[in-house]
Every structure is written in C-alpha cells, then in structure tokens.
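Chemist: Sharing a structure here in structure tokens format.
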Amino acid sequence: MSRSASPTPDPPATGGAAPREQWSGQLGFLLAAIGSAVGLGNIWRFPGVAYENGGGAFLIPYLVALLTAGIPILFLDYALGHRYRGSSPAVFRRLHRGAEALGWFQVLIAFFITVYYAAIIAWAASYVYFSATKAWGPDPVSFLVKDYLQVGDPAVTFDFVPGVLAPLVGVWIVVLVIMAGGVQKGLERANKVFLPLLIVLFLGIVVRGLTLPGAVDGLNAFFTPDFSALAKSSVWIGAYSQIFFSLSIAFGIMLTYSSYLPRRANLGGTGLVAAFANSSFEILAGIGVFAALGFMARAEGTTIDQLEGLTGVGLSFMTFPALINEMPGGEIFGVLFFLSLVLAGLTSIISLLEVVTAAVQEKFDLGRLTAVGAVGGTTSVLSILFFATVNGLNLLDVVDKWVNEIGIVVSAIVMTVVVTYVLRRLGVLQRHLNGISSLPIGAWWRVLVGVVTPVMLVVMLVATVRELLRDGYGEYPAAFTNTFGWGVVALMAVLAFVLAFVPWRTDVDAPSAHDHEDEPAGVAATPVDDAAYEHPHGHHPDVVYHAGTDPEVARPPRLHRRHERHDPQENDR
C-alpha cells in the first residue's frame, strides 16, 4: 500500500481535546491491523479447530465465513471508525446518544481480554528461556501444571507464583512503554518491527517442521478432507467462530484503529489485504504445527488422532515441549516457537489496550501519558493480582471462554442490529466506503451485515449458551463459572451503562468532532446536490465514487452549516 501524502491532523473538538493522532499512512495502519489480527489464536487455535472439523474440508466453511461475515464486519468497523473518527463509545454516541453503552461494552471486552492476555505472553516468555535447556524435562504436562504455574483448586486466592510474577511485570513494562509512544511512535513502530520478525521466525518454524520425518503424515492429517463433516452444523459454527475471533472485529479494535487513518484512505483494499493476510498466516500456522505433530506421532509410534492437546494452552505448553524433546536441535525450534508466541501476543495486546486508552482519553479529556498511566496501571495491577497466582490458569480459562464466546458475539449481534435496523445507517456507511475505496461496495454488503451475519451469530450464541447451561464448562464448579463467567459478562453490561451516563469532559457532540471537520472555521458548508456528492471528510478529486445501482445509496447526505448545533443522528438522514 502506498503512503498517504502529507496527512493533516484533525482539528480539535470543541471541548478542547488535543488533535487526534494519525497513522503515518496506509502502510502503518495495515501493519497494525494485521498485527492485531495475527495473535495467539492463529497459532494455537486454528490448526486444532480445522483438524477437528473435517481437516481440509474445513477450509470450505472457513472461506465462506471469511467472505460472508469476517470481511463485511471488518468493513463495518472500518467505516464506523473512519467516518465518525473516535473511540468506540464516541462513535456510537455520534450515531445516537442511546447507543453509547454499546461502545463501552466493546471497551470492557477489550479490557478484560487485556488483563488475562498479558499472562499468556508472560508464560511464553518464560518458555523461551526454558527451551534453551528443555527445563520441563520428560513430563511437560506435570512441569506446566505443578512446577511452573503451581495450579490449585478453582478459587479466589492471592498466593502468588514468583516464576509467573516476574515475567508478567516485564511484559507490562514493555507494553506500557509502547503505549506511551502514541499511535505513530508507539503502536506503528512496534508493529513495523514485531510483525516482520514474527513472520520470519514462523517461516523458520515451518521450514524446519517440513524437513522432519513424518511431516507428510501430519500434513495429510491436516489437509485430507472429510466432506461428511460439512453436513454437521457444529463445523459451520466452528468456522464462523474462528473467523470472528481471529480478525479482531466487533469489539473496538478495528474501529479505533481506522479512526486514526488520514481522510484519504483506501478502506476497501486495506480491509481485504488485512483479512487475507490473517487467514494466510493461520493456514501457514496449520502447516507448521501439523508437520511437527506428524514427526511427534511417528517418534512415539502412534497416529496424530491419538495425540492429545491439539489446541490452546495444551498445544503450546504441553504438546510442543514434548515434541521439542523428540526433535534434533529442539532447543532452537523451541526458542523460535515461543518467541513467535511472544511477538504475536504483543502485537495483539497493544491493540486491545489502545481500545481502552482511546476511550478513556476522549471521555475524560486526558493527555496520552495520563490516559496510558491510568488505564495501563489499572489493567496491569489486576492482571498481576489475579493471573500471577496459583489460580491464574483456571481463571484465565473461564474468563476467556465467556468473554470471547458470549461477550464478543453479543456485541456483534447488537452492533449489526442497531446499525442496520434501529438507526438505519448502513446506507450512509456504504456511501462512505464507496467514496474513498478502490473496491465498490454494493448491496451485497448490506445483506451480509444486516441478515447473514446476525443470523449466524445468533445460531452460534444459542448453541453456546445452551451447552454451557446444560453441561457447564469442564470440571469447574458452578459457583466458579457463575462468578467469573456469567458474572463477568453481567458486570461488563452494567458498567457499560454506568459509563455511558458519566458526563463527557470533551464536547463529543460538536460538529467539528466528526463528519465535517474539513470545513474552515466560520465558513458555512456549501450544499451539494445528488450529482455532486462530496465525501464527508473532504473532497477527493483523485478518488472515483462508486454509487452502484441503488438510488438510495447514491443519494448524498444532507449537510449542515458549520455554526449550527445539531443532533448527530439528524446529519446523516
């Protein structure tokens, strides 16, 4: 992607907020977006999910899910953030004051994920060191559970584990230093370093895996299609779940990141590149992981279907150390693998923390360092208090399950329904995308966002809730899952409404804060007719507007005069 020429910072909101930061150009945004999407789930979740849901046949529902839900919702996040230029609560408030709570619900999802995500990065950092000497010995499972994490019974405890506490503190120091640098000097620079390094390291892992004896057996297990699996609804639900969780959509990340783009930004093209880059990395991860598992199965005289721990924590911290024990030069392979986890985790956690930081910064009119200190201080303290203890693994498992599979799905359903049917803004957002994108966005996008995606998400949600209510989750006591599972989701909902009622320190409703900040101060907007549509962030003579064939979409929005106060929802009618 080419860089945007000399982007001009947005003018301050009427309330006196500092000018909004921006990426240096399209490349910086693209790397940050890919860095956020390419996280731990790409490496430790996708390979196992694909294998358990039909192998190579899973790629069919996976691709369908990417095209019908992943990319459309990614475009929706981009359009919301770029048009209304704010954090998630600010954007939804500018859509309608009653929608602000949805923005805070997304912020709280990012907040809770950030709190536990740092612990996984800390574990991976420790295992980089452990790999050099294969410190886990002949029994990696016992080493992880008993020696390293010292896992106790599910309960609230503040019995700290020194081996987890020290690296966790180190992770938070690195994260907060990056966050303090801001958008360009912090987030963008970090992704420009970490993402290419991650790709190089993982390519090394894949190449090494493919040269191992038994690698072909692993690849056959991964890619051999079981087409009978396509008749199972659980396979399709698994595909939509994987796409949804891996693209970082519907909980504020891509919305916030796109709000930092210059006014001239190719949202459609950038979205496609980010989405397919994420999926390409997932497939690459599957090749590397299953090539290595093929070697492990041959070394143990068994088959891959007899191996345990093919996803999540089990794959990374139990199965892979056992594999490294069997591998010639396993120490080097281990360092590369766990360093890859660290880098993937860092590029994701800074995007999560930015969602919270941006919202707090705008709501309370704080400077960057003050907001980072307040948000980072709170999240790091909670992270250390709850996840550097003997109960850290249990708590992480439960909170992750409910926040991801209940919280994010509810957020996405509410967002699509509110934007499509309650506020009826899809036409406005489609015009916005078409005004600055090289990819024409037609009526298909509104059908996918307004019909297909919410229907699939409701099916996913009902299936998940029914299973959790009927079977519980794992071996955890009901009191534990009720408190840290359902209780956390309920707490997020309550806090979202409470925060929505807290007064803004900035004039979030000021006209200069969103649609028409391109007009000089004191100059009335020039009305435009249907034949001379100008993009709400400024006229782009070098961009072709694709109105499509829908006359409702082709109609331009009504412009207001600069000096007139207005209800932001009226501006887009």
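Chemist: Cα convex hull of the range 165-220: how many Å³ per residue?
Modeler: Enclosed volume per residue, from the Cα hull, is 115 Å³.
Chemist: At 0.36 nm per residue, and after removing the present C-alpha to C-alpha distance, how many nm does the segment from residue 439 to residue 478 gain when stretched out fully?
Modeler: 9.1 nm
Chemist: Determine the gain in length on full extension of the stretch residue 97-residue 465; use 0.36 nm per residue of separation and subtract their C-alpha separation, reporting nm with one decimal.
Modeler: Length gained, residue 97 through residue 465: 129.5 nm.
Chemist: Oh, and also: Just grab the label-to-label distance for residue 158 and residue 382, each label 7 Å out from Cα along the Cβ direction, in nm (one decimal).
Modeler: Result: 1.7 nm between the two label points.
Chemist: In the neighborhood of residue 502, defined by Cβ-to-Cβ distances under 11 Å, what is the net charge if each Lys or Arg adds +1 and each Asp or Glu adds -1?
Modeler: Local net charge: +1.
Chemist: Each label point is 7 Å from the Cα along the Cα-to-Cβ direction; what then is the distance between the points at residue 455 and residue 502, in nm?
Modeler: 4.0 nm
Chemist: May I pose another question? Given the range 65-182, what whole percent of its Cα pairs are spread farther than 23 Å?
Modeler: Here the long-distance tail beyond 23 Å is 55 percent of all Cα pairs in the range 65-182.
Chemist: Cross-link list 192/232; 363/401; 134/185: which exceed 31 angstrom alpha carbon to alpha carbon?
Modeler: 192/232; 134/185
Chemist: On a 0 to 90 degree scale, rounded to 10, what angle separates helix 267-299 from the longest Cα axis of the chain?
Modeler: Roughly 0 degrees, rounded to the nearest 10.
Chemist: Net charge around residue 238, counting only other residues with Cβ within less than 14 Å of its Cβ (Lys, Arg = +1; Asp, Glu = -1)?
Modeler: -3
Chemist: Run the numbers for residue 216 and residue 424: contour at 0.36 nm per residue of separation, minus the present Cα-Cα distance, in nm.
Modeler: 69.7 nm
Chemist: To continue, here is another question. Roughly speaking, what is the centre-to-centre gap between the range 231-269 and the range 283-326 when only Cα atoms are used, to the nearest Å?
Modeler: The distance from the Cα centre of the range 231-269 to that of the range 283-326 comes to 29 Å.
Chemist: Starting from the Cα coordinates of the chain, work out the convex hull volume and express it per residue in Å³. If you can, show how the numbers build up before the last one.
Modeler: Details: hull volume 79.2 nm³, N = 573.
With only Cα atoms used, the chain gives 138 Å³ per residue.
Chemist: Of the options 68, 334, 211, report the single residue whose Cα projects farthest towards the positive end of the charge dipole of the chain (beta-carbon charges: Lys, Arg +1; Asp, Glu -1).
Modeler: 68
Chemist: For residue 193, project a label point 7 Å along Cα to C-beta. Then give me every residue of the range 341-379 with its amide nitrogen under 20 Å of that point.
Modeler: Residues passing the 20 Å test: 341-354, 369, 372-373.
Chemist: Mind putting a number on the dipole of the range 303-442 about its Cα centre? Charges go on the C-beta only, +1 for Lys and Arg and -1 for Asp and Glu, and I need it in Debye to the nearest 20.
Modeler: Numbers: 6 positive and 10 negative charges, 173 e Å.
Using Cβ point charges on Lys, Arg, Asp and Glu, the range 303-442 gives about 840 debye.
Chemist: Test of the criteria: in the range 414-447, which trypsin sites (Lys or Arg not before Pro) are in a DSSP loop and have at most 14 other Cβ atoms within 10 angstrom of their Cβ?
Modeler: 424
Chemist: Still on this structure: In Å², what does the accessible area per residue of the range 26-501 work out to with a 1.4 Å probe?
Modeler: For the range 26-501, the per-residue accessible area is 33 Å².
Chemist: Beyond 25 Å, what share of the Cα-Cα pairs of the range 137-271 remains, rounded to the nearest whole percent?
Modeler: The proportion of pairs with Cα distances above 25 Å equals 63 percent.
Chemist: Continuing with this model, one more query. Can you give the log10 of the normalised intensity I(q)/I(0) at q = 0.11, 0.16, 0.25 Å⁻¹, computed with Debye over equal Cα scatterers of the range 222-298?
Modeler: -0.46, -0.82, -1.23
Chemist: Would you please put 258-269, 86-97 in order of how densely packed they are, using the mean number of other Cβ atoms within 10 angstrom per residue and starting with the highest? Please report the intermediate quantities before stating the final value.
Modeler: Values: 258-269: 22.8, 86-97: 25.9.
My ranking of the peptides, most packed first, is 86-97, 258-269.
Chemist: Related question: Just the projected area, averaged over all directions, of the convex hull on the alpha carbon atoms of the range 68-127: how many nm²?
Modeler: That works out to 5.6 nm².
Chemist: Please get the size of the charge dipole for the range 26-501, origin at its Cα centre, with Cβ charges of +1 on Lys and Arg and -1 on Asp and Glu, quoted in debye to the nearest 20. Walk me through the numbers before you get to the answer.
Modeler: Numbers: 25 positive and 25 negative charges, 439 e Å.
Dipole about the Cα centre, nearest 20: 2100 debye.
Chemist: Using just the helices of the chain, give the 222 nm mean residue ellipticity in deg cm²/dmol: DSSP H runs with n ≥ 4 each add -39,500 (n - 2.57), and the total is spread over all residues, rounded to 500.
Modeler: Roughly -18500 deg cm²/dmol at 222 nm, from the helical runs in the chain.
Chemist: Show me the ranking of peptides 335-348, 99-112, 123-136 by mean Cβ neighbours inside 10 Å, starting with the highest.
Modeler: Packing order, densest peptide first, comes out as 99-112, 335-348, 123-136.
Chemist: Whenever you get a sec, compute what percent of the accessible area on the range 26-501 sits on carbon and sulfur atoms (1.4 Å probe).
Modeler: Accessible surface attributable to carbon and sulfur in the range 26-501 totals 67 percent.
The values are calculated or read from the model by the stated rules, or taken from the named source; none is laboratory data. The structure displayed is predicted, hence computed values, not measured ones. All Cβ positions, glycine included, derive from the backbone under ideal geometry; neighbour counts span all protein chains shown. Quick note on the areas: whole protein, heavy atoms, side chains included, nothing else; ligands and nucleic acids left out. Shrake-Rupley method; radii C 1.70, N 1.55, O 1.52, S 1.80 Å.
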